[in-house]
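K.L.:
Mind having a look at this structure? Questions to follow.
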Amino acid sequence: MKTKKQNADKNPAVLITGGSGFLGAALLRELLKKPGRETLSPGEIRIFDTRPPDNASDPRIRYISGDIRSPEALDEACAGASLVFHCAAIVDWGQAPRSRVHDINVNGTRNVIGAARRAGARALVHTSTMDVIYDGRPITRGDEMKPYPKKFTMAYAETKALAERAVLEADGTREHGTPANAAPLRTCVIRPCGMFGEGDPYHVSSFLKMARGGRLSFRIGSGRSLFQHVYVGNVAHAHVLAARSLLEPEPAAAGRAYIITDFEAKNFFDYMAPILEGIGYRMPPKRRSIPMPVMYALGGIMEFASFLCRPIVRLQPLVSRTSVAMVCKDMTFCGDRACRELGYRPLYSEEEAIARTIEYFRAKEEA
């Protein structure tokens, strides 16, 4: 006869913070799959977000409205949960006040850790970013051994590094209110590269916005730099594998960080070209390019103008210095550790990932 604990392990109650967002939606799709060797079979999936998910028709899904800056709301959401996926964050390249970025990404993460401990959760998988090891210089096949930079280029990267440190330090501890009879919380960190896919609000959406407005008339840089993209479905799959590891008696993933990649790195514009053209727009030809120094200076001017206008109106610069630098410098990474320790392999091929992305955005364009 199976015990209550064994049933909880087999069909855990799962909480996804930021479950209505880009990655959260992809993770939800993975969790709703039929049981298999590399899936989970959650008894309940709780979506904790400030807005409801687009599709919550499955009876296992429960939406809980809340903000990770509220410990009380998180306590309610975590109650009885065995597994927490912490995907909620503010992704910012210098537009939001630094205090807000810190409050959400650092204090919010600490609140999630505290709530998970108090609830007696067994596992916490935290979504970080490749940006935590970016110091402004090119990266070639960067891996988990690359240290945090001494000086970060932006508050977003710094706050995400502080958040993941807190998560890794929380692994296996019984402090700060963990019930005495509960198993220690096991934690790990997933660092995706530049994500794209269905609902991408960053890369694909930015290109589409420029294309619709007739502003996508040139490329940036020499075209030789490489950027490591990763499909959001493969990132979600990696989260599931990490969670499965943390729920095992001897979890390989406990206290570890994993960089997630899938396909070969390409020039940023070359990677976006088939997606954009599949949706119905044209990418500028390679010969029509503006040198990096010119665009970098323009990005600085736009950022300064945005700063001056901030007391009156918040403007989103079309170009920032960080975005120019990351597009024009090599940013490639190695995901071998996830392959070795989690058994990770891309679940979706490059062709399927691009096709799914095109299908999603074309439907939005035609709606």
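The values are calculated or read from the model by the stated rules, or taken from the named source; none is laboratory data. Please read these numbers as outputs of a predicted model, since none were measured by experiment. FYI the Cβ positions are ideal-geometry reconstructions off the backbone, even for glycines, and counts take in every protein chain you see.
K.L.:
Collect the residues in region 214-249 that are part of a loop (DSSP other than H, G, I, E, B) and crowded, with 24+ Cβ neighbours inside 10 Å, keeping them in residue-number order. Spell out the reasoning first.
P.N.:
Taking region 214-249 and keeping what is part of a loop (DSSP other than H, G, I, E, B), we get 214-218, 221-226, 228, 247-249.
Result: Gln228, single match.
K.L.:
What helices (runs of 4 or more DSSP H), lying completely within region 48-142, carry at least 1 residues that are among the hydroxyl-bearing types (Ser, Thr, Tyr), farther than 30 Å from Lys329 by Cα and in contact (Cβ under 8 Å) with a residue 40 or more places away in the chain? Full working, then the answer.
P.N.:
Working: elements: 71-78, 98-102, 108-119.
Ranges flagged: 108-119.
K.L.:
Something else about it: Does region 312-334 hold any residues that are modelled with pLDDT of 95 or more and part of a loop (DSSP other than H, G, I, E, B), and which are they?
P.N.:
Restricting attention to region 312-334, the residues satisfying the condition of being modelled with pLDDT of 95 or more are 330-334.
Hits for region 312-334 are Asp330, Cys334.
K.L.:
Limited to region 91-111, what total is found for residues that are within 16 Å of Thr17 (Cβ to Cβ) and over 16 Å from the mean Cα position of the chain (by Cα)?
P.N.:
First pass over region 91-111, keeping only residues within 16 Å of Thr17 (Cβ to Cβ): 91, 103-111.
Cutting the leftovers down to over 16 Å from the mean Cα position of the chain (by Cα) gives us 103, 107, 110-111.
Selection size over region 91-111: 4.
K.L.:
Let me ask something else about it. Is it true that Arg321 is free of Cβ contacts under 8 Å to residues at least 60 places away in the same chain, farther than 21 Å from Tyr231 by Cα, surrounded by 12 or more Cβ atoms within 10 Å (Cβ to Cβ) and not small (Gly, Ala, Ser)?
P.N.:
Values: free of Cβ contacts under 8 Å to residues at least 60 places away in the same chain: yes; farther than 21 Å from Tyr231 by Cα: yes; surrounded by 12 or more Cβ atoms within 10 Å (Cβ to Cβ): yes; not small (Gly, Ala, Ser): yes.
Answer is yes for this residue.
So that you can scan it fast, the table gives a plain yes or no per residue for (1) surrounded by fewer than 21 Cβ atoms within 10 Å (Cβ to Cβ); (2) modelled with pLDDT under 95; (3) assigned to a strand (DSSP E or B):
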site: Glu158; (1), (2), (3): no, no, no
site: Ala166; (1), (2), (3): yes, no, no
site: Ile190; (1), (2), (3): no, no, yes
site: Lys209; (1), (2), (3): yes, yes, no
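K.L.:
Further question: Which one of Arg356, Arg345, Arg337 is farther than 28 Å from Gln95 by Cβ, modelled with pLDDT of 95 or more and in a loop (DSSP other than H, G, I, E, B)?
P.N.:
Numbers: Arg356 fails: in a loop (DSSP other than H, G, I, E, B); Arg337 fails: in a loop (DSSP other than H, G, I, E, B).
Just one listed residue meets the conditions, Arg345.
K.L.:
For region 281-303, what are the residues that are in contact with a strand residue (DSSP E or B) (Cβ under 7 Å, 6 or more places away or on another chain) and in a helix (DSSP H, G or I)?
P.N.:
Just the residues of region 281-303 that are in contact with a strand residue (DSSP E or B) (Cβ under 7 Å, 6 or more places away or on another chain), to begin with: 284, 286, 288-290, 292, 295.
Within region 281-303, Met292, Met295 qualify.
K.L.:
Any residue that is touching a helix residue (DSSP H, G or I) at 6+ places or on another chain (Cβ under 9 Å) and closer than 19 Å to Thr129 by Cβ - is there at least one of those in region 278-301?
P.N.:
no
K.L.:
So, of the residues in region 24-47 that are touching a helix residue (DSSP H, G or I) at 6+ places or on another chain (Cβ under 8 Å) and in a helix (DSSP H, G or I), which turns out to be surrounded by the fewest Cβ atoms within 10 Å (Cβ to Cβ)?
P.N.:
Arg29
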